[in-house]
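K.L.:
Before anything else, here's the structure in question.
The values are calculated or read from the model by the stated rules, or taken from the named source; none is laboratory data. Predicted, not measured: the structure shown is a model, and the values here were computed from it. Neighbour counts run over all protein chains shown; Cβ positions are idealised from the backbone, glycine included. Just the protein is used for accessible areas: all its heavy atoms, side chains included, with ligands, DNA and RNA removed. Shrake-Rupley method; radii C 1.70, N 1.55, O 1.52, S 1.80 Å.
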Amino acid sequence: ENCRLDRDGIDRHNSRTLEYLGPILGILLPIGIGIGLRQIRIFDDEDGIRIRRFCIKFTVPLLVFVSMYSAQNEVFGQLGPMIISMILMTACFFGVGFLGSLITKDKAERAAIHAATTFGNYGWIGWAVANVVLGPDGFQRAVFFTAMWWPSFYSYGLLIGVVHNEAEDRRGVILTTLKKLAPVAVALTAGIGCNLANIRVPEVIF
């Protein structure tokens, strides 16, 4: 009986391992392919910049819209606490970052120290990984968190730019920040709006 239970446990473990192995490989293989293409110089620095811009301006906003559009209405009740916690957490890091930036007199170095301390890497959540490990519901909450991180990122980033730039340079910082924030903000608002207003997007678009 013990042997049978041990075999059952091993079978369940192996089944669970195989269940996750495929999606994890699906995440790692494109990364490996990208590194390989870079090494053989099919992609260069300029291509990387274009791909990042495409992600920021199109694929990320599209993913945010689809997630908000398909979310269950009761899930939106969690949005408020997430927003508040995100703003408070970033505010704490912002204060610590400002104090840390005072160790140097160079304004560019101050801004770099302030930004690095404020944001670190906590805002990035691997959505593909979250979808594999946490499932659709966990992925949706990961999108909530990251979608709220973007406005926080650019709002506090704007403050950092204002604090460490001369008055004549601040207008450019503000315009750049608003331009980068707009795609995600529009996608978030449109997704939630279509969801709550029960506006159906034609299937052909998806």
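Here is a yes/no grid of residues against (1) open to solvent by 70 Å² or more (accessible area, probe 1.4 Å); (2) at pLDDT below 85; (3) not small (G, A, S):
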| residue | (1), (2), (3) |
| --- | --- |
| N14 | yes, yes, yes |
| L18 | yes, yes, yes |
| P23 | no, yes, yes |
| L29 | yes, no, yes |
| R38 | yes, no, yes |
| V60 | no, yes, yes |
| M68 | no, yes, yes |
| A71 | no, yes, no |
| I87 | yes, yes, yes |
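K.L.:
Which one is farthest from Y156 (Cα to Cα), of the residues in segment 89-104 that are at pLDDT 85 or above and open to solvent by 50 Å² or more (accessible area, probe 1.4 Å)?
P.N.:
Filtering first and then ranking leaves I103.
K.L.:
Checking M82 against (1) at pLDDT 85 or above; (2) surrounded by 14 or more Cβ atoms within 10 Å (Cβ to Cβ); (3) within 16 Å of the chain's Cα centre (by Cα), which test does it fail?
P.N.:
(1)
K.L.:
From the residues in segment 49-78 that are without any contact (Cβ under 8 Å) to a residue 24 or more places away in the chain and among the hydrophobic types (A, V, I, L, M, F, W, C), which one is nearest to P136 (Cα to Cα)?
P.N.:
Per the stated criteria, the residue is C55.
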